[in-house]
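One structure is given here, and the rest of the page talks about it.
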Amino acid sequence: MNECTSCDAELDFRETFCPKCGQVTERGMGAGQLAGRYVTELGTGLGKLVSAAIAYAANPQNRTKVIAGASVLALLLITFTSNPITRGIGSLFEETPEMPQLTADGLPDLASYEDVFVGEETEFFVTGPANVRDFPTSEGTTVIRTLNEGATVKAREVKAFDPTSRWLKLAGGGYVWGANLVDLDQIENDARTGEGLTAVAEFAQVIRGRWSSMDSCRGAGPDAIVEISANEIRISESLGRLERVSKDERGNDIYHVAFSSLREEWPETLSIFLTANGFSLIMSNVLDPNQPDGVFHVPDAGCRPEFMID
């Protein structure tokens, strides 16, 4: 363990900031900044040594002793003690992975992963159902639990395998994709200033319109119809009002819809996307992966062969 140069708190070698006082640690400094600090330390120490040597060497009888003694002392200091030279050079060449490593196949190297923290621990609001994974990536990792929408958690950002993706480590363990968490301080600041207010949630333009299950093409009875407008979705006799839109770990839209019918009301969290050919729509229940996907098609396309396959 290292100690903070400002408050003497014990530091983990992976810390980039002191969790107690916020002082930047050696891990958080760049190589250039570290080198500059060590050069300053070395210059101060050498200045004192030179001043003392000059005063002593002013006496002609001491000059030979000064030269021999200073040479031996300097060699011993550099070789056997912890000094700016040995500490500075050693830390510059020490192999500490600043970014999580990838395998030869370009996949996250989970076996060698070590946390490198960025910033301090903060309290966050969970904006939607969020998967907690065993490593800060969605590739090849395991979902160990799920955070519920509306919960508050303490977390700290870590350097992720993908430098463009933001991941946070929960105080209780596990990693969450940053898009599912909002800083509570930011929410309070937005409320005070009136900033950060989002526009009315809308369904993506490409999925709006009228869609059919094409059951009649297979002789399975009347078609189930889905109609999607900017803010509503109607499925048969049920009407859903879009409340908000969040993102999954891959950046895809997740629609939070409040449905109602003549007899009941219920919420749904839906993933809705258009297939590559533009003729079909896939609708999935995000919170219930065991529920079969709904597949709907453009009615004007007619009974295409691919629409008639169960």
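Loop-located GluC sites (Glu not before Pro) in the stretch 229-310 (DSSP state not H, G, I, E or B) with no more than 12 neighbouring Cβ atoms inside 10 Å: E237, E264. Here the Karplus curve 6.51 cos²θ - 1.76 cosθ + 1.60, taken at θ = phi - 60°, turns the phi angles of the stretch 152-162 into couplings of 10, 9, 9, 8, 9, 5, 10, 6, 9, 4, 9 Hz, with x standing for Gly and Pro.
Once neighbouring chains are kept in place and the probe is 1.4 Å, which whole percent of the accessible area of the stretch 199-244 is contributed by carbon and sulfur? Don't skip to the answer; put the middle values down first.
Details: 1230 of 2500 Å².
For the stretch 199-244, the apolar C and S fraction of the accessible surface comes to 49 percent.
Which log10 I(q)/I(0) values, to two decimals, does the stretch 141-290 give at q = 0.16, 0.20 Å⁻¹ under the Debye formula with one point per Cα? Debye curve over Cα of the stretch 141-290, log10 I(q)/I(0) at q = 0.16, 0.20 Å⁻¹: -1.07, -1.36. Both the radius of gyration and Dmax for the stretch 218-310 are 14.1, 39 Å, in that order, over alpha-carbon atoms. Accessible surface of the stretch 93-145, 1.4 Å probe: 50 percent of it comes from carbon and sulfur atoms.
For the stretch 238-284, the per residue solvent-accessible surface stands at 57 Å², with DNA, RNA and ligands left out and a 1.4 Å probe.
The values are calculated or read from the model by the stated rules, or taken from the named source; none is laboratory data. On a predicted model such as this, the values are computed, not experimentally measured, just so you know. Positions of Cβ are generated from backbone atoms using ideal geometry, with glycine treated the same way; all protein chains shown enter the neighbour counts. All accessible areas refer to the heavy atoms of the entire protein, side chains included, with ligands and DNA or RNA removed. Shrake-Rupley method; radii C 1.70, N 1.55, O 1.52, S 1.80 Å.
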